Each structure stands twice: as structure tokens, then as C-alpha cells.
Amino acid sequence: MASRGRKIAKPGFVMQLCATGTEVPLRAGYTATKKIGNAVVRNRARRRLKEAARLTLAGRDLAGVELVLICRKETGSVPFGRLCSGIEVALAEGLK
């Protein structure tokens, strides 16, 4: 997916987005590498990113879209509202 999709970097995360053109429901994946910290830090960052995505993507018709959200070192400390708005902006950029 990384080779055929778009990569959009925002404060707190990187979004990889690929429109498959099929009517398969939205597929989303979340990842945090060891670079950002120990297991506690990685899990907290991933949970925050998942919740922000859940709230932002709810109710949208995103059939045929695959997303991968990658945590960054600052994902755990970015204000939650900024994380949500960043996902919304990145999604709009990726789908145009």
C-alpha cells in the first residue's frame, strides 16, 4: 500500500491513504514503532490515535479506502483536538 498510496504527515502522526476503487468498507491500521518509546508509551500513543480516528471517521462514507496511521514521538502529547483536526485535514488532502 505504501508504494501506491499517498503519504501525509501532520503533527502527531503520518497517514498513508490508498483508494482501492472497490466497495469494500474502510480498512484502517495503526502502528507505533519502538523509536517512540517503551511499550507503555507506544500503546498510549496508539490508543489516542485510534480514538481520534474513530471519532473523526464516524459517519463518513469511506468505502474503498485503506488507511494506515503511524504514531510519531509527539502523538502522546499533542492536544487531542489537534489530533482529531489533523486526521480530518489529512483525510481531505488524501482524497482530493
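A single entry from Arg82, Arg27, Arg72 fulfils the requirement of being among the basic types (Lys, Arg) and in contact with a Pro (Cβ under 7 Å, 6 or more places away or on another chain): Arg82.
Kindly indicate whether Leu26 is within 15 Å of Gly5 (Cα to Cα) and out of contact with any helix residue (DSSP H, G or I) (no Cβ under 9 Å at 6 or more places or on another chain). If you could, list the steps in order and put the result at the bottom.
Details: within 15 Å of Gly5 (Cα to Cα): yes; out of contact with any helix residue (DSSP H, G or I) (no Cβ under 9 Å at 6 or more places or on another chain): no.
Answer is no for this residue.
Taking the criterion of being within 15 Å of Ile8 (Cβ to Cβ), surrounded by 16 or more Cβ atoms within 10 Å (Cβ to Cβ) and among the small types (Gly, Ala, Ser), the residues of the range 53-96 that qualify are Ala53, Gly86, Ala90, Gly94. Restricting Gly12, Gly21 to residues that are at pLDDT below 95, out of contact with any helix residue (DSSP H, G or I) (no Cβ under 6 Å at 6 or more places or on another chain) and not hydroxyl-bearing (Ser, Thr, Tyr) narrows the list to Gly21. Filtering the range 26-62 to residues that are assigned to a loop (DSSP other than H, G, I, E, B), over 16 Å from the mean Cα position of the chain (by Cα), over 18 Å from Cys84 (Cβ atoms) and not charged (D, E, K, R) leaves Gly37, Asn38.
The values are calculated or read from the model by the stated rules, or taken from the named source; none is laboratory data. Source: prediction; values computed, not measured. Backbone-built Cβ (ideal geometry, glycine too); neighbour counts: all protein chains shown.
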